[in-house]
Amino acid sequence: MFDIERWQEIFQTLSKNKLRTILTGVSVASGIFIFIVLLGFSTGVQNGVKEKFSGDATNKISVRAGRTTKQYKGLNPNRQIQLKNEDLDNISNTYGDYLEYKSGGYSNWGAQLVYKNEFGNFYIRGVDPDYQFIEKASITEGRFINQGDINEARKIIVVSNKTKTELFKGKSPIGEMVSVNGINFKVVGVYGDPGGEREESQVFIPLTSAQIAFNGGTNIRDMSFTVAMSDNFDEAVAFSQNLVASIESDIRTKHTIAPNDRAALRVDNTLEKAQKIYSLSDMIKAIFWFVGIGTIIAGIVSVGNIMIIIVKERTKEIGIRKALGAEPLSIIAMILQESIFVTMFSGLFGLVIGLGLLEIVGPTIESDFIKYPQVDFYTALITVFILVAAGTLAGFIPAYRAAKIKPIVALKDE
Amino acid sequence: MGSNSLHVLKGINFHVKEGELVSIMGSSGSGKSTLLNILGMLDEADEGQYILDGVPIKNLNEKIAAQYRNKFLGFIFQSFNLINYKSALDNVALPLYYQGLKRKERMEKAEHYLEKVGLAPWAHHLPSEMSGGQKQRVAIARALASDPKVLLADEPTGALDSKTSYEVMDLIQGINDEGKTILIVTHEDDIAHMTKRIVNLKDGVIIDDSKVEQIRAKQNV
């Protein structure tokens, strides 16, 4: 392998047979190149989809109470079920370890927000600090509600980008006072929602402040939780379903609600939605891998083909070499070393070009569905090695056969 | 050779001394090529002995046959069998590569033998740029390069016109004059008479083996 004389011999052969060398090289390099680009865009599409739906790709559990519709344990239907702070506390205490974020909610549809001469109707929600993460609201200015705000029931408000545009005409609202149903709140933060403008119609105030402002006492309208998702999706699904079931049955028991009374207590979770996104992402990955592996197989087959043709074309040369004293092993080594060198070199060349293209073109792609196309370098490198190994194996058979040919047969005049 | 094997040679007994120039004659199918292949270790006889320079040649595996060919034998073919993408010099140097010589040494030796066959100015030309006679002379230089004990020539003039044939035979005679043992397979009478001994084969047996008066090729050039 490190015999300099043999390398000289190989380089001479390669440079004297440029067309053959280039054809082999191009087929290997293009195979790897296509594979890398496909893989890169598959990652890109996955990233795009993930980012697009990232707000929904976790399991969000929401609990809402209403009026009972069924008679249960001697209690009449049409009874209003009222969730309280203690319901949230109970669930937090019981399932705290499994819940990632938790928040109560006390909201007021269509409250009027007034700033100087501007006013508008917004959906005002009193929430806990965790709500920021449940809703995946990203803070663009200032801060979100914190525990201090909750403890002291401060009159502060977090508005949305949409509010900023509509009410404050785009200037920073931090520190400004707005009136909500006649009560003054100080703006401490602005948030944006990856879900877009539709979800930006809400503004947030501390849960405790909302309960005071809207005479709610210790009542809450709803509760939201998120469940940490493990990497293994099936495991996460099973776990989440159990958790949702126990939370629901706890509340039904406590408030004496019939187990099948959907109107009195709704416990929804986004597991199904998350599952769809997970499987969409998996599907995209699978399709690209399928196409990619197909490309690689085509590459291997064509390398093998080229090897067979090369050996065929060189049968006479091999006969001459054998007559001049080449041992069979040296013939095999010569052909294989040559093919490994060419496939390896052009494979790495295709790899570099493919990665380079992703690096250059990747950031300029402006599509919601393709983001940061990239390839794991080791995956790419392993692919090159697989192609080289398979190409070598494909080349070994004809090389072995060539080495077995009797020189007298190879030299026979046609 | 498959199930229907054919006994081509049916008892050949002959001896070549060092420095001889022998031609093997016979019509096609007489077994002359088979004989040469056995002598060239490209094929092996079913029975009998072959002793080359005191070394019994038998039970050869591919590897040892290759080493013997490289050390003991030089081949000259009817169709030259040069490697077409290598220059004349590189072709001549090839057997030296398989002897394990370093590049510099190979090139020096190869140049020496090219000069000997009068093709030094053509060293860097490809076979496709040369005439048939020149190609055969390159092949002869290649056969000589490894300094073999015996040169085996299979119809060396078969693809050449008579003028070029005589030039090549003149070269071969010159090499023989320096003491090299040479065997030539031919079916041309005039070529055979330029050797010192003619062995006539027919149906796998020697029907005639006699020394002849050598005709110098130079007279005909």
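The values are calculated or read from the model by the stated rules, or taken from the named source; none is laboratory data. Since we're looking at a predicted model, the values are computed, not measured. A quick note on method: Cβ atoms are made from the backbone with ideal geometry, for glycine too, and the neighbour counts reach across all protein chains shown.
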Seminar exercise, completed: Taking the range A:101-123 and keeping residues among the hydrophobic types (A, V, I, L, M, F, W, C) and touching a Phe, Trp or Tyr at 6+ places or on another chain (Cβ under 8 Å) leaves A:TRP109, A:ALA111, A:LEU113
Seminar exercise, completed: Being assigned to a strand (DSSP E or B), at pLDDT 90 or above and hydrophobic (A, V, I, L, M, F, W, C) narrows B:ILE172, B:ILE182 down to just B:ILE182
Exercise. Restricted to the range B:55-108, and to residues that are facing chain A (nearest Cβ under 7 Å) and among the hydroxyl-bearing types (Ser, Thr, Tyr), which residue is farthest from A:GLU5 (Cα to Cα)?
Worked result: B:SER79
For this session: Output the residue which, of all residues in the range A:245-266 that are charged (D, E, K, R), in a helix (DSSP H, G or I) and crowded, with 17+ Cβ neighbours inside 10 Å, is farthest from the chain's Cα centre (by Cα).
Result: A:ARG252
Exercise. Just for strands (runs of 3 or more DSSP E) wholly inside the range A:140-223: which have at least 3 residues that are at pLDDT 90 or above and out of contact with any helix residue (DSSP H, G or I) (no Cβ under 8 Å at 6 or more places or on another chain)?
Worked result: A:183-192
Seminar exercise, completed: Over the range A:70-82, the set of residues crowded, with 16+ Cβ neighbours inside 10 Å and either assigned to a loop (DSSP other than H, G, I, E, B) or modelled with pLDDT of 90 or more (or both) is A:LYS70, A:ARG79, A:ILE81
Exercise. Among the listed residues B:LEU144, B:LEU151, which satisfies the condition of being part of a strand (DSSP E or B), closer than 26 Å to B:LYS71 by Cβ and within 14 Å of another protein chain (Cβ to nearest Cβ)?
Worked result: B:LEU151
Problem set entry | Residue that is farthest from the other protein chains (Cβ to nearest Cβ) [pool: residues in the range B:109-133 that are part of a loop (DSSP other than H, G, I, E, B) and surrounded by fewer than 13 Cβ atoms within 10 Å (Cβ to Cβ)] | B:SER131
Problem set entry | B:ILE182 being of a type in the set (A, V, I, L, M, F, W, C) and within 30 Å of B:LYS10 (Cα to Cα) | yes
